[in-house]
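Participant: Have a look at this one.
Nothing in this text is a laboratory measurement; each read-out follows from the coordinates by a stated rule. None of these values were measured; they are calculated from a predicted model.
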Amino acid sequence: MSGASLSGFDSWFTWCQTCRHGGHAGHILAWFERHTRCPVADCDCKCVLL
């Protein structure tokens with residue numbers, strides 16, 4: 001993810017087009033390196049698979 005950090009992409013805000021949850025791209029990418037479901041409590045969306 002070092003290329004993303006250098007370009008500033010990691011600080012951009014992004015969101016799922018299905019459940020509408022989101023956050024900074026760097027945090028979202030880090031979350032989905034280890035998870036398939038949305039990081040929001042009680043949301044079962046599989047954002048990374050869409």
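Participant: Per the helix-only calculation at 222 nm, which mean residue ellipticity applies to the chain, given -39500 (n - 2.57) for every DSSP H run of n ≥ 4 and division by its residues, nearest 500 deg cm²/dmol?
Facilitator: One gets -7000 deg cm²/dmol as the mean residue ellipticity at 222 nm.
Participant: Given all pairs of different Cα atoms, what value in angstroms does the Kirkwood hydrodynamic radius of the chain take?
Facilitator: 11.2 Å
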